[in-house]
Amino acid sequence: MSATAFVALVRKDLQLFLSDRRAVIVAFAVPIFIGAFIGSLTNDMGNNDQPMRVKIVVADLDSSEISKAVISSAQADANLTVALAGADEARQQVQKGSVVAAVIIPKDFGESAGRAFFRGGAGSDVQKPELSVLFDPSRAMEAAMIRGILTQHVMQSVARSVFTAESASNFAQQGLEEIERSNMDPNQKRLLGDMLSSVQRFYRQNGSGRAGGAPAGGMFSMPYTVRQEEVTSGKRVPYNGYAHSFAGMGIQFLLFASLNLGIEMLLERQRGMWKRLRSAPVSRYLLLASRATSATIVSLMTLLVSFGFAMLVFKVRIQGSLVGFLLVAVACSMMAATFGLLVAAVGNTPGTARGVSTLVVLVMVMVGGAWVPTFVFPKWMQQLTVVVPVRWAVDGLDATTWRGLPLSSAVAPTLALLGFSALFGLITLTRFRWEEA
Amino acid sequence: MLEVRNLRKAFGSLVAVDDVSFVVSPGKMTGLLGPNGAGKTTTVSMIAGLIAPERGQVLVGGQPLSGDTDANKRKIGLVPQDLALYDELTARDNLRFFGALYDISGAALETAMTSALTLVGLADRARDRVKTFSGGMKRRLNLAAGLLHDPDILLLDEPTVGVDPQSRNAIFDNLEELKKRGKALLYTTHYMEEAERLADRIVVIDRGKVVADDTLAGLHAAVSPDRPGASVSLETVFLTLTGRSLRD
């Protein structure tokens, strides 16, 4: 191998890349711009100091103590912004997209809910009240969250209400009467009667001096509290959404940069440049290796410039292994470089190759998790994405940046990316058109 | 210097070159003429090592060419029909790159670049980007790139396509100079007057086969045996040998 020729080939590619201002802007500035934009969105979503409040509207057609308690409890929830409106207006607001969901509390909700609380089990003839949740179908994930939060507030409010001293005493009295009428074994009747009588006495004695029988209501609440913690690289290290978005956009645009290099090779063939290159005493492997090297350098520069910007401006940090990060970055760049060679090898003309390979890149970055995390995909697609190199690149960069994982976390992504690189290189060697007629 | 022996190449069922043989001697120019699709470019491509022949040999200084990295390829310079130059680079950067492909570097490369640029009259534009050059200047730089490693054999594939008469004459002068330096030149063209002016020997190829290989005088004599010494143009000779039917 001639080192002089190899260095000249690589240098020429870099000179050409840097001389094309548009290519440089696309390679460096565009991923930074898009990464910053997407990062600003995802970063806000992950900031737990100021949780994103979901806006809902409640139409209270009941106006009972229970319905008012539900609304009051929901308004105190840090995850919700609750407004009140009539039923028609609530529906209109959802339709317009002004709020994520509207909750319609029907007439007699409080009374029915209280009855159903004790006697609404399977086989019961007690009618459960229907709480309507009208939601924006484009925001189904938030609607699911609202349902969960609402369940908590309804349960708390209904429980508080039905276990006031007066209610509980009445329920105990109803129970005693039903036991007396039943054909139960006398011993069991006596034991159950003693228990309910004790409950009745407890509420009468404790509730007599307090307004509204508060003590019993106060006894019932959610049996747990939730402590949320972001699992990042360490305690009190907040999630930085820019780390993921810059990884994703960096990979996307280094693939585009390599794609352009492949297209450039096809244009060189059209211009007769490969005749001149092939007429020189240099091996075909040197020609491809030099192109792979220059493409790797350009790709690596793209990725490092993107991450460098994110580090300076958005405080992205390599919280995990620096060596691991560099290994993944180099392997990712090699994968992208050989992808560019593959485009040159299988592409017939620059025009068709550009169209097809652009589509391939977009599909790869889409299903590889560069745009949105792969966990939002269906299960089958999540499993399928392991055959997409972008998935490994994103996982590897995420692992070594915001997840703060050690070098071992970079091994599998690095090996996978090198494997893809070898595969692309092998296909290039077998499919490249060497003869220049 | 350059000997082509029984070359054959087919693309599928199309036999592009069939049993082609000729010789190009030092200090001489051989004109390789033929209608469109006759097999000229395929022949030049096989000589330059761009296409592997199915049969036959290309001998350079008596040695057969073998493989991409054969050292004998240094003795061959190719001036392709296309302007194989990087527009975004300067003339010097283009030549520096092409010189490095032949392992030339340092002072030797500087000398070679200066010499080649001076020969083609572009020394004063060496630091300008090629995209600022006229068509004729690009053609001359294309020639300089083929000469940079001082090859013994120069393959010129229609090197004057699309240039004005001034640039064409400048290129002719360059080629005359190269002949004087002892280079062996193989020149393909569709312009008969160029071959008449420059070529010492003419090889006419048609449908992949050599149909004539002689000096200009010899071709005249072969075409008009009854009128020795009569003034017959090369175009007439060419049409007599290859016929008047369209080949596109």
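Somewhere in the stretch B:111-133, is a residue buried (at least 23 other Cβ atoms within 10 Å of the Cβ) and either polar (S, T, N, Q) or in contact with a Pro (Cβ under 8 Å, 6 or more places away or on another chain) (or both)?
no
Against the definition (part of a helix (DSSP H, G or I), surrounded by fewer than 16 Cβ atoms within 10 Å (Cβ to Cβ) and either at pLDDT below 90 or assigned by TED's automatic domain parsing to the domain that holds A:G248 (or both)), how does A:G351 come out, yes or no?
It is true that A:G351 is part of a helix (DSSP H, G or I), surrounded by fewer than 16 Cβ atoms within 10 Å (Cβ to Cβ) and either at pLDDT below 90 or assigned by TED's automatic domain parsing to the domain that holds A:G248 (or both).
Of all residues in the stretch B:102-133, count the ones that are within 14 Å of chain A (Cβ to nearest Cβ) and either at positive phi or in contact (Cβ under 8 Å) with a residue 60 or more places away in the chain (or both).
Number satisfying all stated conditions: 2.
Being in a helix (DSSP H, G or I) and crowded, with 20+ Cβ neighbours inside 10 Å is the requirement here; does B:L85 meet it? Please lay out each step first, then the result.
Details: in a helix (DSSP H, G or I): no; crowded, with 20+ Cβ neighbours inside 10 Å: yes.
When the stated conditions are applied, B:L85 does not pass them.
Pairs needed: first member in the stretch B:231-248, over 12 Å from B:A212 (Cβ atoms); second member anywhere, crowded, with 16+ Cβ neighbours inside 10 Å; C-beta distance under 6 Å; at least 6 residues apart or different chains.
That search, which allows pairs on different chains as well, returns B:V232/B:H220; B:V232/B:S224; B:E235/B:M192; B:R247/B:P35.
Condition check ((1) closer than 17 Å to A:R11 by Cβ; (2) away from chain B (no Cβ under 13 Å); (3) in contact with a Cys (Cβ under 8 Å, 6 or more places away or on another chain); (4) buried (at least 22 other Cβ atoms within 10 Å of the Cβ)) across all residues:
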position	(1), (2), (3), (4)
A:S258	no, yes, no, yes
A:G262	no, yes, no, yes
A:R271	no, no, no, no
A:S283	no, no, no, no
A:L288	yes, no, no, no
A:T293	yes, yes, no, no
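Could you please find all residues in the stretch A:379-437 being within 14 Å of chain B (Cβ to nearest Cβ) and more than 17 Å from A:A337 (Cβ to Cβ)?
Selection gives A:R433, A:W434, A:E435, A:E436, A:A437.
Among the numbered criteria (1) more than 8 Å from chain A (Cβ to nearest Cβ); (2) more than 20 Å from B:K179 (Cα to Cα), which one does B:D82 miss?
B:D82 satisfies all of (1) more than 8 Å from chain A (Cβ to nearest Cβ); (2) more than 20 Å from B:K179 (Cα to Cα) except (1).
Okay, residues lined up against (1) among the basic types (K, R); (2) closer than 30 Å to B:I47 by Cα; (3) in contact with a Phe, Trp or Tyr (Cβ under 9 Å, 6 or more places away or on another chain):
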position	(1), (2), (3)
A:L342	no, yes, yes
A:P350	no, yes, no
A:A353	no, no, no
A:G396	no, no, yes
A:L407	no, no, no
A:T414	no, no, yes
A:I427	no, yes, no
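Can you pull out every residue in the stretch A:156-175 that is buried (at least 17 other Cβ atoms within 10 Å of the Cβ), in a helix (DSSP H, G or I), free of Cβ contacts under 8 Å to residues at least 60 places away in the same chain and not hydroxyl-bearing (S, T, Y)?
First, the residues of the stretch A:156-175 that are buried (at least 17 other Cβ atoms within 10 Å of the Cβ): A:156-165, A:167-169, A:171-172, A:175.
Remaining after also requiring in a helix (DSSP H, G or I): A:156-162, A:165, A:167-169, A:171-172, A:175.
Restricting the remaining residues to those that are free of Cβ contacts under 8 Å to residues at least 60 places away in the same chain gives A:162, A:165, A:167-169, A:171-172, A:175.
Passing the criteria: A:V162, A:A165, A:A168, A:F171, A:A172, A:G175.
Here are A:T374, A:T400: which of them is surrounded by 14 or more Cβ atoms within 10 Å (Cβ to Cβ), of a type in the set (S, T, Y), farther than 30 Å from B:A52 by Cα and at pLDDT 90 or above? Reasoning before the result, please.
Values: A:T374 fails: at pLDDT 90 or above.
Sole residue among the options that is surrounded by 14 or more Cβ atoms within 10 Å (Cβ to Cβ), of a type in the set (S, T, Y), farther than 30 Å from B:A52 by Cα and at pLDDT 90 or above: A:T400.
Is at least one residue of the stretch A:189-209 modelled with pLDDT under 70, surrounded by 13 or more Cβ atoms within 10 Å (Cβ to Cβ) and farther than 30 Å from B:G146 by Cβ?
There is at least one residue in the stretch A:189-209 that is modelled with pLDDT under 70, surrounded by 13 or more Cβ atoms within 10 Å (Cβ to Cβ) and farther than 30 Å from B:G146 by Cβ.
Output the residues belonging to the stretch A:18-76 that are modelled with pLDDT of 80 or more, of a type in the set (G, A, S) and surrounded by 15 or more Cβ atoms within 10 Å (Cβ to Cβ). Reasoning before the result, please.
In the first step, residues of the stretch A:18-76 are kept if they are modelled with pLDDT of 80 or more; the result is A:18-21, A:24-25, A:28-40, A:53-76.
Narrowing further to those that are of a type in the set (G, A, S): A:19, A:29, A:35-36, A:39-40, A:59, A:63-64, A:67, A:69, A:72-74, A:76.
Within the stretch A:18-76, A:S19, A:G35, A:A36, A:G39, A:A59, A:S64, A:S67, A:A69, A:S73, A:A74 meet the criteria.
Out of the residues in the stretch A:360-377 that are without any contact (Cβ under 8 Å) to a residue 40 or more places away in the chain and not in a helix (DSSP H, G or I), state the one that is nearest to A:V343 (Cα to Cα). Talk me through it step by step, then tell me what you get.
The first filter runs over the stretch A:360-377 and keeps only residues without any contact (Cβ under 8 Å) to a residue 40 or more places away in the chain, leaving A:360, A:362-363, A:366-367, A:372, A:374-377.
In the following step, the residues that additionally are not in a helix (DSSP H, G or I) were identified as A:372, A:377.
Numbers: A:V372: 26, A:F377: 28 Å.
Checking each candidate, the answer is A:V372.
Which members of the stretch B:53-79 meet the condition of being without any contact (Cβ under 8 Å) to a residue 40 or more places away in the chain and facing another protein chain (nearest Cβ under 7 Å)?
In the first step, residues of the stretch B:53-79 are kept if they are without any contact (Cβ under 8 Å) to a residue 40 or more places away in the chain; the result is B:63-73.
Within the stretch B:53-79, B:D68, B:T69, B:D70, B:A71, B:K73 qualify.
Suppose the filter is outside any helix (DSSP H, G or I) and touching a residue at least 24 places away in the same chain (Cβ under 8 Å); does A:G340 pass it?
On the way: outside any helix (DSSP H, G or I): no; touching a residue at least 24 places away in the same chain (Cβ under 8 Å): yes.
Against the criterion (outside any helix (DSSP H, G or I) and touching a residue at least 24 places away in the same chain (Cβ under 8 Å)), A:G340 does not qualify.
Could you list, in sequence order, the residues of the stretch B:169-189 that are among the aromatic types (F, W, Y) and buried (at least 23 other Cβ atoms within 10 Å of the Cβ)? Full working, then the answer.
Of the stretch B:169-189, the ones among the aromatic types (F, W, Y) are B:172, B:187.
Within the stretch B:169-189, B:Y187 is the sole residue that qualifies.
Return yes when B:G34 is closer than 21 Å to B:P80 by Cα and touching a helix residue (DSSP H, G or I) at 6+ places or on another chain (Cβ under 7 Å) and no when it is not.
Details: closer than 21 Å to B:P80 by Cα: yes; touching a helix residue (DSSP H, G or I) at 6+ places or on another chain (Cβ under 7 Å): yes.
Judged against the criteria, B:G34 is a match.
Which residue, of B:G99, B:G136, is touching a Ser or Thr at 6+ places or on another chain (Cβ under 9 Å) and either touching a residue at least 40 places away in the same chain (Cβ under 8 Å) or not in a helix (DSSP H, G or I) (or both)? Let's see the steps before the verdict.
On the way: B:G136 fails: either touching a residue at least 40 places away in the same chain (Cβ under 8 Å) or not in a helix (DSSP H, G or I) (or both).
B:G99 is the lone residue from the list that is touching a Ser or Thr at 6+ places or on another chain (Cβ under 9 Å) and either touching a residue at least 40 places away in the same chain (Cβ under 8 Å) or not in a helix (DSSP H, G or I) (or both).
So, restricting to strands (runs of 3 or more DSSP E) that lie completely within the stretch B:1-66, which ones have at least 2 residues that are β-branched (V, I, T)? Walk me through how you get there before you give the answer.
On the way: elements: B:2-11, B:14-24, B:29-33, B:55-60.
Per the criteria, B:14-24, B:55-60.
The values are calculated or read from the model by the stated rules, or taken from the named source; none is laboratory data. Remember, predicted model here, so these are calculated numbers, not experimental data. For neighbour counting, all protein chains shown are included, and Cβ atoms are generated from backbone atoms with ideal geometry for every residue, glycine included.
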